[in-house]
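Novice: Before I ask anything, let me first share the structure, which is written out below as structure tokens.
Read the figures in this text as sums done on the coordinates, not as results from a lab. Small disclaimer: the values here were computed from a predicted structure and weren't measured. When we count neighbours, we look across all protein chains shown, and the Cβ atoms used for this are built from the backbone with ideal geometry, even at glycine.
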Amino acid sequence: MGTIGRPLLAMMLLVPLLAACAPAPNNAHPVGGLDMADMPMPAAAVASARADRTIAVTHRFTIRVPNADIEAMQQRHMTECAKLGCSILSTSIDRSNVGRASARASVRIKPDAFNTFAAALAATPAQIIMHAQSSEELAAPILDTERRLAAKTVIRDRLTAMLQDQTVKSAADLITIEKELAQAQAEIEAITAQRENLRTRTDTIRIDINYVGAAGLVGGMDLTPIDQSVSKIGETMVSSISALISTIAAVVPWLPFIALIWWGARRGLRRWRVRKLPG
């Protein structure tokens with residue numbers, strides 16, 4: 001195989017691609033200059049892809065929680081989430097708004113555990129004030145990923161067979177085959193990661209939770225604005241004192257110079273008045 005050359009190597013790699021007869025879906029993307037979506041996928045793989053879930057479901061909850069309990073409530077929900085075997089994607093708490101804390105959390109959970117977790121979200125003292133559901137069809141991306149993975153796998157196997165062939169090869173041939181094999185393996189790993197991400201999205205339910213802190217009521221009235229106003233009084237006083245100190249610090253170094261100018265101006269004025277007096 002010492003005279004295999006790059007043209008012959010390219011032709012051998014194109015054999016599985018030229019054998020494809022099925023049309024590619026609209027969202028297929030060329031990989032490495034070749035349209036991998038044209039590669040026929042085995043019937044078993046097609047059946048498996050169709051049997052799998054192909055819809056990504058997302059639920060969004062907005063929950064009103066007593067302001068003082070918002071952090072504890074979020075931790076309670078995350079603990080329940082862990083017991084149900086879900087994955088916690090992110091959590092956050094925002095206390096920048098005085099008197100009105102808020103929090104967020106995102107999780108992924110198996111469909112059969114969703115109802116249990118939703119019941120935990122609605123448990124007292126939490127109050128669900130908004131619940132929305134959305135879905136996204138991922139059948140086309142999943143099928144496209146399976147086709148590209150099958151095509152790249154065929155190429156990798158063919159390159160591996162060529163590399164293991166005992167016939168004589170030149171150093172240039174070996175370098176070319178090893179380079180193409182490494183590239184094919186890297187693309188297979190990237191496509192596999194993409195496929196696993198799609199499967200995670202379709203096999204689990206994403207839940208986004210928005211916690212809204214509810215202020216305590218006194219006699220049925222929300223006294224948060226008064227509390228905020230009182231707090232701002234102290235902030236205003238501190239700011240004013242700080243500004244005064246800054247002004248004094250800026251003026252003090254200039255006081256001797258100002259006093260000298262004032263003294264010179266008064267002295268000059270007195271001399272001018274003396275000269276104006278009648279002799």
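Novice: If you average the alpha carbon positions of the range 159-218 and of the range 71-126, how far apart do those two centres end up, in angstrom?
Specialist: A separation of 31 Å, based on Cα centres.
Novice: What is the fewest-to-most order of 156, 104, 273 by other Cβ atoms lying within 10 Å of their Cβ?
Specialist: 273, 104, 156
Novice: What FRET efficiency do you get for residue 71 and residue 137 if R0 is 35 Å and r is their Cβ-Cβ distance, rounded to the nearest 0.05?
Specialist: 0.40
Novice: Provide the gained length on full extension for the span residue 130 to residue 157, in nm with one decimal, where the gain is 0.36 nm per separating residue minus the Cα-Cα distance.
Specialist: Taking 0.36 nm per residue and subtracting the Cα distance, the gain is 4.5 nm.
Novice: Expected output is a single nm value to one decimal: the length gained when fully extending between residue 93 and residue 273, i.e. 0.36 nm times separation in residues minus the C-alpha distance. What is it?
Specialist: Between residue 93 and residue 273, full extension yields 57.4 nm more.
Novice: How do the peptides 119-128, 259-268 rank, highest first, by the average count of neighbouring beta carbon atoms within 10 Å per residue?
Specialist: Ranking, from highest mean packing down: 119-128, 259-268.
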